[in-house]
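Presented below is the structure to which this report refers.
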Amino acid sequence: SDHMENIYGYLMKYTNLVTGWQYRFFVLNNDAGLLEYFVNEQSKHLKPRGTLQLAGAVISPSDEDSHTFTVNAASGEQYKLRAADAKERQHWVSRLQICTQHHTEAIGKNNPPLKSRSFSLASQGSANSPGVQRRPSQNAISFFNVGHHRLPTGKRVPIMQPDHLVDVREMMSQAEGQQRDLIRSIECLPVSGHLTSLDQDLLMLKATSMATMNCLNDCFHILQLQHASQQKGSLPAGTTISWLEPKISLANHFKNGAAQNFPAEINKPASVREEQSIAESCQLTREPEEINPDEELEDICDDKEDDLGAVEDQRSVILHLLSQLKLGMDLTRVVLPTFILEKRSLLEMYADFMSHPDLFLAITNGTTPEERMIRFVEYYLTSFHEGRKGAIAKKPYNPIIGETFHCSWRMPKSDVDTDAGSNLPARSPSEQVTLSKDMEGQTEPDYYTVKFVAEQVSHHPPVSGFYAECVERKMCVNAHVWTKSKFLGMSIGVTMIGEGVLSLLEHGEEYTFSLPCAYARSILTVPWVELGGKVNINCAKTGYSASINFHTKPFYGGKLHRVTGEVKQNMTNTVVCRVQGEWNSVLEFTYSNGETKYVDLTKLSVTRKRVRPLEKQGPFESRRLWQHVTESLRDGDIDKATEHKRALEERQRNEERLRAETETPWCTKYFLKEGDGWVYHKPLWKTVSVVQTQQIDTN
């Protein structure tokens with residue numbers, strides 16, 4: 001009770017971009033469960049300028065700084081407030097949370113479960129709504145009953161005829177109307193009293209009724225597809241009904257893009273079809289495929305993520321999503337709305353970090369360990385700019401387990417051997433070591449090839465493995481990343497858990513590195529991406545290391561996307577290079593000899609990756625797997641994109657359930673589990689070791 005006294009004082013309140021922050025006098029009315037504010041203390045006896053009901057509210061300290069916090073009411077209204085210091089913020093937050101908890105629990109105690117009550121919402125709803133014309137004595141069960149129809153026992157369900165589908169559609173329309181009346185009736189209830197709009201059972205009823213209608217609509221769509229397939233005798237290519245039948249062999253269904261006859265699979269016993277699906281799916285992933293870079297063509301896809309309209313149009317969807325989340329909640333299993341998606345998979349996003357292969361290949365040109373570490377830091381810091389497409393924080397597709405992505409880059413040897421675009425001293429051309437005698441007598445190409453492969457090796461937790469190599473330069477990089485997302489109030493944080501290793505085989509050096517965290521800020525207005533956290537790069541053999549800090553923007557002042565770092569020799573603790581700037585703009589490198597180098601990332605040339613055409617890709621390769629979602633997003637058809645996305649996710653859930661039931665482990669295709677990490681099945685360091693051993697034996 002000592003903590004339930006009314007408190008008051010001045011806080012800064014954020015109004016909008018134009019008005020900004022304004023001082024307002026706030027009063028916490030504990031008895032009424034209200035947070036009120038006035039223009040100033042002198043006007044506190046007048047009508048408040050604004051009032052928030054605290055019952056069901058969420059009080060969230062902001063991650064922007066130590067002074068700011070938000071009050072998110074159950075109605076959807078939000079106050080963004082700022083105290084004078086961290087101590088005052090804690091005082092307000094703790095008192096608001098105590099008041100909120102008290103009044104939220106009071107609502108639950110004063111309102112027993114629905115099953116023990118008898119009431120009517122007729123007086124609260126619209127007089128024209130058919131769903132509210134009920135007797136006052138009706139209970140909740142009968143009031144919300146849409147109607148259940150039982151089939152006569154012993155009778156089989158007849159094949160659905162077109163006119164029956166019309167009848168079903170009519171019944172669906174009636175159910176949708178009743179569901180809308182139900183929602184309207186609940187929302188019209190008062191916020192206090194015997195039965196309120198915040199009643200926990202009614203809130204649950206709103207959610208389940210909406211989910212039920214969505215499910216019924218999906219089922220009706222399935223009936224339409226099945227009827228169409230029965231009429232035609234087969235399923236059309238690319239139809240989304242495939243996810244509903246996990247018994248259909250995916251290997252056959254998607255083979256060369258051709259559709260298979262539906263009835264042939266249905267005639268098999270269910271258990272046989274299920275086990276066959278799992279066995280064939282596992283077989284698909286067990287045999288690694290050697291991708292011929294000559295089959296890959298320069299990528300002409302250029303999906304820019306610069307559409308602001310969808311974000312503003314879908315504001316209500318975001319608000320609804322946020323109302324379901326709690327501060328610190330893990331978003332790994334949360335299905336986010338489709339309109340915030342990028343038109344690429346997360347696996348392809350990792351590939352886009354390699355868009356400057358000239359800088360990557362030039363790392364091994366360094367004549368000293370110091371120079372090679374500095375070159376790697378330069379490449380590392382320039383990789384994030386192209387990895388993000390556009391300024392808006394959109395989310396790439398979550399890869400499904402077994403999904404893969406392949407691509408390559410070709411870089412003219414003249415550009416790499418002479419270190420074009422670099423101010424660092426160039427290494428004198430060295431003799432290229434031939435890894436295999438099979439190439440003798442062949443014309444050597446005038447370009448280097450960097451090959452890339454990524455695979456989603458785990459679903460829970462979501463872990464991706466990716467690997468890139470250049471055989472001619474005897475260098476490769478292997479990494480595994482577990483993306484872990486959390487809800488942070490008005491932003492979303494993504495932690496990149498994992499480690500990468502760059503191997504320079506010519507020098508016998510390995511560089512271990514990690515990745516920074518990413519944040520989607522301002523998710524209610526125009527979301528944007530920010531990187532944050534400390535990253536370390538180490539080479540145990542040479543004793544050189546780099547420490548890089550991605551700075552998040554402070555609440556007042558400061559620059560966006562700021563990064564600082566230093567490279568040093570651990571034995572002597574000598575700093576040999578310092579870097580500062582913005583990771584998506586201009587970077588400044590200062591070397592120990594006093595020289596300074598500027599890198600403008602916006603002017604760096606981007607080498608387009610090379611990707612096989614869709615018709616040559618396997619069914620689990622990213623672009624072919626997500627092609628219908630991508631096409632729908634390009635066309636601006638969010639509903640259709642959502643339908644295709646749901647189909648893929650449901651298919652993944654069905655297959656995961658079947659594997660669990662049959663105790664069948666998942667078999668990866670390109671990556672093998674080693675300790676806590678994942679390693680490419682045929683890394684370059686193994687190939688080079690074998691070749692060198694063979695050469696020694698021959699000599």
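The values are calculated or read from the model by the stated rules, or taken from the named source; none is laboratory data. These figures come from a predicted structure and were not determined experimentally. Here the Cβ is made from the backbone with ideal geometry for all residues, glycine too, and neighbour counts use every protein chain on show. All accessible areas refer to the heavy atoms of the entire protein, side chains included, with ligands and DNA or RNA removed. Shrake-Rupley method; radii C 1.70, N 1.55, O 1.52, S 1.80 Å.
Below, the figures for the structure above:
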read-out: Strands (runs of 3 or more DSSP E) completely within segment 439-516 that count 1 or more residues being open to solvent by 10 Å² or more (accessible area, probe 1.4 Å) and more than 28 Å from VAL529 (Cβ to Cβ); value: 447-458, 463-470, 509-513
read-out: Segment 381-400, subset in contact with an Asp or Glu (Cβ under 9 Å, 6 or more places away or on another chain), open to solvent by less than 20 Å² (accessible area, probe 1.4 Å) and of a type in the set (A, V, I, L, M, F, W, C), residue modelled with the highest pLDDT; value: ILE400
read-out: Residues that are polar (S, T, N, Q) and open to solvent by less than 20 Å² (accessible area, probe 1.4 Å), drawn from segment 617-637; value: GLN617, SER622, THR630, SER632
read-out: Answer residue from segment 660-693, given it is modelled with pLDDT under 85 and buried (at least 17 other Cβ atoms within 10 Å of the Cβ) and is nearest to GLU342 (Cα to Cα) among those; value: THR687
read-out: Segment 185-194, residues that are crowded, with 16+ Cβ neighbours inside 10 Å and closer than 16 Å to ALA74 by Cα; value: ILE186, LEU189, SER192
read-out: Test: ILE492 is modelled with pLDDT under 85 and of a type outside the set (Gly, Ala, Ser); value: yes
read-out: Failed item, numbered, when THR564 is tested on (1) of a type in the set (Ser, Thr, Tyr); (2) under 19 Å from PRO516 (Cβ atoms); (3) in a loop (DSSP other than H, G, I, E, B); value: (3)
read-out: Pairs where the first residue, in segment 341-363, is under 17 Å from ALA479 (Cα atoms) and the second is basic (Lys, Arg), C-beta under 7 Å, 6+ apart; value: ALA351/LYS609
read-out: Failed condition for SER605, given (1) open to solvent by 50 Å² or more (accessible area, probe 1.4 Å); (2) at pLDDT 95 or above; value: (2)
read-out: Odd one out for LEU601 among (1) touching a residue at least 40 places away in the same chain (Cβ under 8 Å); (2) closer than 30 Å to PHE69 by Cβ; value: (2)
read-out: Residues that are modelled with pLDDT of 90 or more and touching a helix residue (DSSP H, G or I) at 6+ places or on another chain (Cβ under 7 Å), drawn from segment 72-88; value: ALA83
read-out: Unmet requirement for HIS628, which otherwise passes all of (1) more than 22 Å from TYR397 (Cα to Cα); (2) within 19 Å of the chain's Cα centre (by Cα); value: (1)
read-out: Failed item in (1) in contact with a Ser or Thr (Cβ under 7 Å, 6 or more places away or on another chain); (2) in contact (Cβ under 8 Å) with a residue 60 or more places away in the chain; (3) open to solvent by 20 Å² or more (accessible area, probe 1.4 Å), with LYS640 passing the rest; value: (2)
read-out: Any hit, segment 342-352, residues being out of contact with any strand residue (DSSP E or B) (no Cβ under 9 Å at 6 or more places or on another chain) and either crowded, with 22+ Cβ neighbours inside 10 Å or more than 18 Å from VAL606 (Cβ to Cβ) (or both); value: no
